[in-house]
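Undergrad: Right, I'll just put the structure down here and ask away after.
The values are calculated or read from the model by the stated rules, or taken from the named source; none is laboratory data. Every value quoted in this text rests on a predicted model; they were computed, and no experiment measured them. Note that we place each Cβ from the backbone using ideal geometry, even for glycine, and neighbour counts take in every protein chain shown. Note: accessible area is taken over every heavy atom of the protein model, side chains too, but ligands, DNA and RNA are not part of it. Shrake-Rupley method; radii C 1.70, N 1.55, O 1.52, S 1.80 Å.
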Amino acid sequence: MKMKFMKAAIKAALEGMNNNEGGPFGCVVVKNGEIIGRGNNKVTSTNDPTAHAEVIAIREACNILNTFQLKGCEIYTTCEPCPMCLGAIYWARPEKVYFGSNQIDAANIGFDDEFIYKEISLPYSKRSIPFEQLGRDIALEAFIKWSEKEGKTKY
């Protein structure tokens, strides 16, 4: 049964690639043995650097389930998730992730995310895109208001 879902993710990757929508990546989200979210990379066709297969599949599944978490779901993705998709997966909280190829396989065809992993641990000023904290004292207002807000949806 698991291979059926991995094959569906691979089919999404190939269809998207053949339609010139983006890179060779596909993903499906499964709940109770049924695909509820499907995605393929659409970065180049939508000019959206966040349009990775996993993000698209997670958005679709959450929309169908009418929730922001994928409790009881599994994700099948054709490649080990990049740092952005890894973050999205952890925020979505599925039960398990199955992946086909790994980050070395992806790097071998020009999709190398290693530099991002290295950037995360660098001090802000040493990153290839410098980060500078600005206005923390006033930015904290939103956090203070959130802490005080009653009836908020926690996540």
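Undergrad: Run the helix sum for the chain: -39,500 (n - 2.57) per DSSP H stretch of 4+ residues, divided by residue count, reported at 222 nm to the nearest 500 deg cm²/dmol.
TA: Numbers: 7 runs with 70 residues, N = 155.
It lands at -13500 deg cm²/dmol.
Undergrad: Something else: Rounded to a whole number of µm²/s, how large is the Stokes-Einstein D of segment 72-155 at 20 °C and 1.002 mPa s, given Rh as the Kirkwood radius over C-alpha pairs? Walk me through the numbers on the way to the answer.
TA: Values: Rh = 16.3 Å.
Roughly 132 µm²/s, to the nearest whole number.
Undergrad: Follow-up. Which length gain, in nm to one decimal place, applies between N102 and T50 when the Cα-Cα distance is subtracted from 0.36 nm times their residue separation?
TA: Numbers: separation 52, 0.36 × 52 = 18.72 nm, distance 1.94 nm.
Fully extending the segment from N102 to T50 adds 16.8 nm.
Undergrad: Related question: So between K71 and K149, what do we pick up on full extension, going 0.36 nm a residue minus the alpha carbon distance?
TA: Length gained, K71 through K149: 25.5 nm.
Undergrad: Once ligands and nucleic acids are excluded and a 1.4 Å probe is used, how much of D113 is accessible, expressed in Å² to the nearest 10?
TA: 50
Undergrad: Could you size up the charge dipole of segment 70-155 around its Cα centre, putting +1 on the beta carbon of Lys and Arg and -1 on that of Asp and Glu, and report it in debye to the nearest 20? Numbers along the way, then the final one.
TA: On the way: 11 positive and 13 negative charges, 77 e Å.
With only Lys, Arg, Asp and Glu charged at Cβ, the dipole is about 380 debye.
Undergrad: Please figure out what share of the DSSP beta bridges in the chain is antiparallel and state it in percent, rounded to the nearest 5. Working shown, then result.
TA: Working: 11 of 16 bridges.
Just about 70 percent of them are antiparallel.
Undergrad: Looking at segment 17-155, how many pairs of lysines come closer than 16 Å at the Cα, when each pair is eight or more places apart or spans two chains? Write out the running numbers ahead of the final one.
TA: Values: K31/K71; K31/K96; K71/K96; K71/K154; K118/K126; K145/K154.
Step by step, the pairs that qualify in segment 17-155 add up to 6.
Undergrad: For the chain, report the accessible area per residue in Å² (1.4 Å probe, heavy atoms, rounded to an integer).
TA: On the way: 10560 Å² over 155 residues.
Ligands and nucleic acids excluded, the result is 68 Å² per residue.
Undergrad: Still on this structure, please answer the following. Reported to two decimal places, what Rg/Rh ratio describes the chain when computed on Cα atoms with Rh from the Kirkwood expression?
TA: Working: Rg = 17.8 Å, Rh = 17.2 Å.
Radius of gyration over Kirkwood radius for the chain works out to 1.04.
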